[in-house]
Structure formats: C-alpha cells, structure tokens
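Only one structure is covered here, and it is reproduced in the block below.
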Amino acid sequence: MGVPTSDSLRSALLHHFGYPDFRPGQEVLVRAALEGRDAVGLLPTGGGKSVTYLLPAALGRGVTLVVSPLVSLMADQRRRGIEARLRTEALHSGVSARERRDILGRALAGHLDVLLLAPERLGSPTLAPLLASGQVGRVAVDEAHCLIQWGFDFRPAYLALAGIGRRLRCPVLAVTATATPEVRVGIERVLGLRRPVRVRQSFDRPNLAWRVRRVRGEGARWAALVELLGRPGPALVYAPTRRSVEAVRDALARLGFGAEAYHAGLSDPERSRMQDRFIAGEVRLVVATNAFGMGVDKADVRQVVHWAPPGSIEAWYQEAGRAGRDGEPAACTVLWHPEDLRLQRRLASSGATDRDGADDARAGERRRWARARARRLRALGRFLRGRRCRRAVVLDYLGEDDPPRSCAACDRCAGPSSL
Ligand code: ADP
Ligand code: MG
C-alpha cells in the first residue's frame with residue numbers, strides 16, 4: 001500500500017475524528033507510521049497525541065498495540081477509538097478471562113484495529129500467539145516517559161518493550177509530553193528505535209504564570225497555601241506522599257476549605273468517582289500525590305500548587321501543566337524550603353546502590369538512572385534558587401532550541417503575585 005497524499009490523510013482525519021486539519025506534528029507522525037518507520041513525538045499536553053496512533057490504526061494494516069500506563073487512560077482511549085469508528089479493545093485487570101480470550105481471538109482473526117494494554121501484559125503467555133502471528137501492524141507507546149521514570153524503579157515491566165519493533169517486525173511510535181533531552185535519548189535507547197522520525201513541538205505554555213515561593217518554615221508554607229487557595233477557581237494541590245496529602249486535606253478542612261484527597265491508596269472506583277466530580281466542578285480543590293492527573297482532561301484548572309517540589313523539573317512541568325488547558329490565564333506555584341530538597345536527595349540516593357544482584361544489564365541501567373536522578377535534582381535546585389526567568393530555565397532544560405530570555409508571567413519577570 002502506498003502512503004496516502006496529504007489530502008487523503010486530511011479527509012481520513014475528518015472522517016474518523018471530525019477535525020478539518022492536523023495539529024502541528026500530527027501529520028508527520030501519522031505518515032511515519034504508515035511508511036513503516038519508527039518515530040518519537042514530543043507534543044505538549046493537549047497537543048493531540050492520540051490521533052498520531054489512532055489514525056494509522058484506521059488506515060494501516062493489522063492491529064495497533066497501544067501501550068498505556070494506567071487503566072483510566074485506557075478507558076478514555078477506548079472510548080475515543082470507538083468514537084472514531086475503530087474496533088477498539090483494552091486489556092486490563094478489569095477484563096475477565098473470557099473477555100480476554102474473545103478479544104485476543106478477534107485480534108488474531110484480523111477483526112480488531114486497536115488493542116490497548118499495560119506494559120505488564122506484553123510478557124504474558126496469553127498475548128504470545130498474537131505477538132507471533134504477524135497481525136501486529138504497529139506499536140504505540142503512550143506517555144513514553146514512563147519508560148524512563150518507571151522502567152528502573154517500580155515498573156520494570158516497561159523493560160519488556162526493549163527492542164519490540166525488531167521482534168515484531170513493525171514500526172514503533174513513542175509519544176510523550178516530557179521532553180528533556182535525557183528522557184528523549186533514553187526512550188530511543190530502551191525501545192531500540194531504528195533511525196526514528198523525530199517530532200518536537202514547543203513546550204511553552206504562554207498562559208501559565210510560573211512561580212516559585214521559598215518559605216521560611218511550615219507556618220509560612222501554610223499561610224502561602226491558604227492565600228493561594230483563597231483565589232477563585234478549581235485548583236490542584238500536589239503533595240509528595242500519601243501522608244502529607246491527607247494532612248493537608250485535613251488541615252484545609254479545619255480552615256473551611258472543602259478539599260478531597262487523592263492517592264494510590266484509594267480504590268479504583270473511589271479514584272474515578274473523585275476525578276469525575278472534579279471534572280464536573282462538584283469538587284473545587286483536590287490534594288493529590290503524583291498519582292493524580294494523567295488522563296484527567298479538565299480544561300479550566302486555574303491553579304496548580306506544589307506543597308513541596310517534586311523530584312525533577314520535568315515532573316513539575318507535567319503536573320503544573322494540568323493548569324489552564326483552556327488557554328485562559330492560570331497560575332502554577334511551587335512552595336519550597338531547602339529541607340525539601342534534602343529529603344528528595346535522600347530518596348534519590350536510596351536507589352543509587354544495587355539492591356539485588358540482578359543481571360548486570362539491568363543493574364547498569366539502574367545505576368545510570370540513579371545518577372540521572374541526582375542530576376535532575378541538582379537542576380531542580382538551580383531552578384528553585386536561581387535568579388533567571390523561570391520560563392527560560394524550564395524551556396532551556398527541556399531542550400527547546402530558542403528559549404526566551406525573559407517572559408511577562410513568571411515571578412522573576414513579573415513579580416511574585418501578578419497574574
Ligand atoms: P494529548 O494526549 O497530547 O494530551 P489528546 O490526544 O488527549 O492530547 O488530545 C487533546 C485534545 O485535542 C482532544 O480533545 C482532542 O480531541 C483534540 N484534538 C486532537 N487533534 C486535533 C485536531 N487535529 N484538531 C482539533 N482538535 C484536536
Ligand atoms: Mg494523551
């Protein structure tokens with residue numbers, strides 16, 4: 001099959017998704033997949049990454065495997081696939097053994113366009129016949145930064161993706177909104193991409209006011225949080241641990257702020273109920289660990305506040321990026337005290353030593369990423385302490401070609417409380 005012309009790709013986009021035109025970067029990625037080439041797409045949150053693998057699934061041969069880190073994301077993508085008139089299924093823990101056999105049977109028979117799954121599934125014996133069948137037309141890795149952040153910590157299943165394109169003899173597309181040069185190189189190396197097509201859009205979010213506030217102690221941290229949450233509009237507060245999330249939620253409740261707590265300790269139904277209520281506007285404030293957010297498409301979040309900094313600039317960028325997806329002004333504020341960084345350093349160094357004498361390649365990878373994590377923390381320290389424009393620092397860090405020297409909206413350029 002030849003690769004379609006631009007016009008026919010656009011009419012397919014309109015037919016399946018109802019959009020008259022591509023967003024920047026989408027067409028190049030769709031084309032790469034249809035030409036059988038590996039590709040990496042770095043598009044900001046809301047940039048339209050789903051289309052880059054769903055449209056090739058509609059136009060190309062075979063089934064498209066979409067590797068996704070979270071059940072909630074899979075459910076969302078499944079809905080989108082079906083809306084786009086694609087035969088779409090998801091394999092996750094909520095699917096019974098019978099349904100699973102049925103889904104795999106349809107995939108093997110060539111009656112499925114999109115199959116969503118968690119990385120853990122790839123190694124399971126039930127999937128082996130499909131992988132060996134030659135029916136897989138392409139593999140897409142959504143939220144591909146998880147490969148790097150998780151691959152060597154608590155989600156080793158991502159390592160099952162190593163060299164998958166060679167094994168299945170099909171192209172691999174990796175997409176993410178985290179774009180540090182380090183993550184980008186790591187994704188390409190771990191997946192074993194072969195001369196990939198690379199697409200990168202600007203990561204600037206001009207409507208976001210990025211602010212850092214150094215606090216003198218816990219009292220000042222509270223005062224800052226209360227002042228920020230006194231402003232109107234939906235807000236997300238990120239805190240580093242489940243305990244701190246609950247403590248912040250309880251204290252906010254005593255101060256008369258109705259807030260909900262969200263962390264990995266809640267059941268799946270509790271989590272999705274809370275997400276739905278936040279999206280519907282029934283809950284104004286959510287205090288959460290980093291478990292919250294991926295796949296939560298709420299456009300009008302007016303503030304993201306970090307009770308304490310996360311482990312890296314890119315983690316902060318992802319979480320803060322959930323503000324202002326509607327393009328209206330929104331504020332992102334990190335509260336920090338030097339002690340917070342010491343805590344993060346301790347967490348990072350605990351992963352730096354080899355835990356179990358696992359095989360050398362993995363141990364080597366793990367050490368490599370422990371060093372990377374230490375580097376990321378040092379960059380975070382420079383971001384928090386530095387005198388430069390926050391936007392300049394972040395975009396420079398994300399590898400943007402021509403980052404601005406100043407902006408009109410960060411605390412360094414516009415003052416601590418302007419919006
Ligand atoms: P990402 O995964 O990059 O954050 P999504 O794939 O979830 O982004 O898409 C974000 C939003 O943009 C969705 O509402 C989607 O329907 C919309 N969208 C994607 N591509 C286009 C397009 N070409 N034209 C108009 N809207 C689009
Ligand atoms: Mg997405």
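The values are calculated or read from the model by the stated rules, or taken from the named source; none is laboratory data. This one's a predicted model, so the numbers in the text were calculated from it and none came from an experiment. Cβ atoms come from the backbone with ideal geometry, glycine included; neighbour counts cover every protein chain shown. For the accessible areas, the whole protein counts, side chains as well, though only heavy atoms, and no ligand, DNA or RNA atoms are used. Shrake-Rupley method; radii C 1.70, N 1.55, O 1.52, S 1.80 Å.
Side notes on the structure shown:
- Check on GLY36, within 16 Å of ligand 2 (Cβ to nearest atom), of a type outside the set (Lys, Arg), open to solvent by 10 Å² or more (accessible area, probe 1.4 Å) and touching a residue at least 60 places away in the same chain (Cβ under 8 Å): no
- Yes/no for GLY281 being on the phi > 0 side of the Ramachandran plot and of a type outside the set (Val, Ile, Thr): yes
- So ARG79, is it free of Cβ contacts under 8 Å to residues at least 40 places away in the same chain, open to solvent by 40 Å² or more (accessible area, probe 1.4 Å) and away from ligand 2 (no atom under 15 Å from the Cβ): no
- Spans of helices (runs of 4 or more DSSP H) in the stretch 213-330 with at least 2 residues surrounded by fewer than 20 Cβ atoms within 10 Å (Cβ to Cβ): 218-229, 242-254, 268-280
- Test set (1) touching a strand residue (DSSP E or B) at 6+ places or on another chain (Cβ under 8 Å); (2) without any contact (Cβ under 8 Å) to a residue 12 or more places away in the chain; (3) not basic (Lys, Arg) - PHE278 fails condition number: (2)
One line per residue, one yes/no per condition, for (1) open to solvent by 20 Å² or more (accessible area, probe 1.4 Å); (2) closer than 24 Å to GLY47 by Cα:
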| site | (1), (2) |
| --- | --- |
| THR126 | yes, no |
| LEU130 | no, no |
| SER133 | yes, no |
| LEU159 | yes, no |
| ALA162 | yes, no |
| VAL175 | no, yes |
| ALA179 | no, yes |
| VAL185 | yes, yes |
| VAL199 | no, yes |
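- If the condition is being part of a loop (DSSP other than H, G, I, E, B) and either touching a helix residue (DSSP H, G or I) at 6+ places or on another chain (Cβ under 9 Å) or within 14 Å of ligand 1 (Cβ to nearest atom) (or both), then the stretch 33-58 contributes ARG37, ASP38, LEU43, PRO44, THR45, GLY46, GLY47, GLY48.
- Selection of first residues in the stretch 14-26 that are of a type in the set (Ser, Thr, Tyr) and of second residues that are assigned to a loop (DSSP other than H, G, I, E, B) and within 16 Å of ligand 2 (Cβ to nearest atom), restricted to Cβ pairs under 9 Å at least 6 apart or on distinct chains, gives the following pairs, ordered by first then second residue: TYR19/GLY48.
- Among the residues listed as ARG166, ARG205, ARG216, the single one being of a type in the set (Lys, Arg) and under 25 Å from TYR317 (Cβ atoms): ARG205
- Hits in the stretch 389-417 (condition: open to solvent by 30 Å² or more (accessible area, probe 1.4 Å), closer than 12 Å to ARG211 by Cα and among the charged types (D, E, K, R)): ARG412
- The residues of the stretch 92-124 that are at pLDDT 95 or above, of a type in the set (A, V, I, L, M, F, W, C) and surrounded by 13 or more Cβ atoms within 10 Å (Cβ to Cβ), listed by number, are ILE103, LEU104, ALA107, LEU108, LEU112, VAL114, LEU115, LEU116, LEU117.
- Residue among ASP276, ASP359 that is at pLDDT below 90 and farther than 22 Å from ARG80 by Cα: ASP359
- Taking the conditions (1) away from ligand 2 (no atom under 16 Å from the Cβ); (2) surrounded by 23 or more Cβ atoms within 10 Å (Cβ to Cβ); (3) among the charged types (D, E, K, R) in turn, LYS49 satisfies each one other than (1).
- Considering each residue of the stretch 363-377 in turn, none proves to be of a type outside the set (Val, Ile, Thr), part of a loop (DSSP other than H, G, I, E, B) and at pLDDT 80 or above.
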